[in-house]
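Read the structure below first, then the notes.
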Amino acid sequence: MSGAPLSFEGKAAMMERALGSAGISILFQDTTLAIRYAENLPDHLKPSLIIGGTDLHLFGEKDGAHLLQLKRGVLESGKSASAEVELPTGDGVRVYELKIERIGGRKPQGLLSVISEVTETRHREKVLKSLLRELSHRSKNLLAIIQGIATQTARHTLSIDSFLIKFRGRLQSLSNSQDLITDSSWRGAYLFELAEKQFAPYWPDAGVPMPIYGINAHLSPNAAVHLGLALHELIVNSASHGAISAGATSITLNCRESELDGKKAIEVAWSERFYFPADHEFEDNSFSRTVLERVVPSSMNGRADFSIGDDSIGYRLTIPETEYEILRRR
């Protein structure tokens, strides 16, 4: 059995409920731009509503004057228009979009404005633009680092095969650090995770824990990328010529509190004990040594001390407090 058709009043009530659920407001103004009807206005606009008033009463002097000028143009031309207004409220600034169209044909009866809140949409757009700018900035930095790695690796290798092996390893190191930084939404990386990521491809026994001790500082993105490169050079040398190559694990990485120019800092120290043959990656002016002694400390305004003897390698990197935080992890 069919029900009776809805009356005009019933349809109007349903439309009002739909507008309320969708968060949409409507505003009708006559040809003098006086407000004659409003429905579902946001709570913070309702006290400003004056039937017979204008946009100046509803939106304030600045936005109201702009809207009045825009609406006069819609009345004259018949072409629809849109505008946005920002309204301060008790819980922050809210953004509203108005879509304005003329009602009536050659003899217009007035204007209809459909008002919807777009605060969250505009916030997401701002965040996205900020992220894209950050991504562009970081991409340029990474490209500059990669270009430097390629140039210096080529300068210190004698064959294409040797270049490819070393260049791929350094790119992988960069990629490993970048993965951690990206996973943290570009906030940086924890020291222990960074070291484990760099050491894992070369560590001889997965059953033996990696000897990483001390403070698990949270490094800035810049510090994480460059320290990752330093750790890569150290572990690769050990795997090729040092303790790991002989099956030994006489390596430790320790982080402790320190000072740099009278300010708080941390010191990351690599210690490796092994009888080193004549061959190693750390000849004077080699790329590995340049990375450890110059590139990495200068990138973070820190200080480095590198030493190599017949039976040990030591590397100490002092990192200023601008490049790390000591966080308690939950």
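The values are calculated or read from the model by the stated rules, or taken from the named source; none is laboratory data. None of the values given here were measured: they were computed from a predicted structure. Every residue, glycine among them, receives a Cβ derived from its backbone with ideal geometry; neighbour counts consider all protein chains shown. These accessible areas exclude ligands, DNA and RNA; they are computed on the full protein's heavy atoms, side chains included. Shrake-Rupley method; radii C 1.70, N 1.55, O 1.52, S 1.80 Å.
Inspect region 222-232 for any residue being part of a strand (DSSP E or B) and without any contact (Cβ under 8 Å) to a residue 60 or more places away in the chain and give the result as yes or no.
Narrowing region 222-232 to residues part of a strand (DSSP E or B): none.
No, region 222-232 has no match at all.
Would you pick out the residues in region 24-55 that are open to solvent by 30 Å² or more (accessible area, probe 1.4 Å), among the polar types (S, T, N, Q) and in contact with a strand residue (DSSP E or B) (Cβ under 7 Å, 6 or more places away or on another chain)?
Selection gives T31, N40, T54.
Among (1) surrounded by 13 or more Cβ atoms within 10 Å (Cβ to Cβ); (2) over 27 Å from A265 (Cα atoms); (3) modelled with pLDDT of 90 or more, which single condition is R168 missing?
(1)
So S238 fits all but one of (1) within 30 Å of K140 (Cα to Cα); (2) out of contact with any Gly (no Cβ under 7 Å at 6 or more places or on another chain); (3) modelled with pLDDT of 90 or more; (4) not in a strand (DSSP E or B); what number is the exception?
(1)
From the residues in region 1-49 that are part of a loop (DSSP other than H, G, I, E, B), modelled with pLDDT under 85 and more than 46 Å from the chain's Cα centre (by Cα), which one is farthest from Y96 (Cα to Cα)?
Top of the filtered list is M1.
Regarding N216, is this residue open to solvent by 20 Å² or more (accessible area, probe 1.4 Å), part of a helix (DSSP H, G or I), at pLDDT 90 or above and of a type outside the set (K, R)? Full working, then the answer.
Numbers: open to solvent by 20 Å² or more (accessible area, probe 1.4 Å): yes; part of a helix (DSSP H, G or I): no; at pLDDT 90 or above: yes; of a type outside the set (K, R): yes.
So N216 does not fit the description; no.
Restricting to region 188-218, name every residue that is in contact with a strand residue (DSSP E or B) (Cβ under 9 Å, 6 or more places away or on another chain) and closer than 17 Å to S175 by Cβ. Can you show your working first?
Within region 188-218, the subset in contact with a strand residue (DSSP E or B) (Cβ under 9 Å, 6 or more places away or on another chain) is 188-192, 194-197, 199, 210-218.
G188, A189, L194, A195, E196, K197, F199 - these are the residues of region 188-218 that are in contact with a strand residue (DSSP E or B) (Cβ under 9 Å, 6 or more places away or on another chain) and closer than 17 Å to S175 by Cβ.
Considering only residues that are under 36 Å from the mean Cα position of the chain (by Cα) and among the hydroxyl-bearing types (S, T, Y), look in region 56-113 and name the one that is surrounded by the most Cβ atoms within 10 Å (Cβ to Cβ).
Y96
Can you work out which of the residues in region 114-152 that are open to solvent by 50 Å² or more (accessible area, probe 1.4 Å) and farther than 30 Å from T182 by Cα is modelled with the highest pLDDT?
V114
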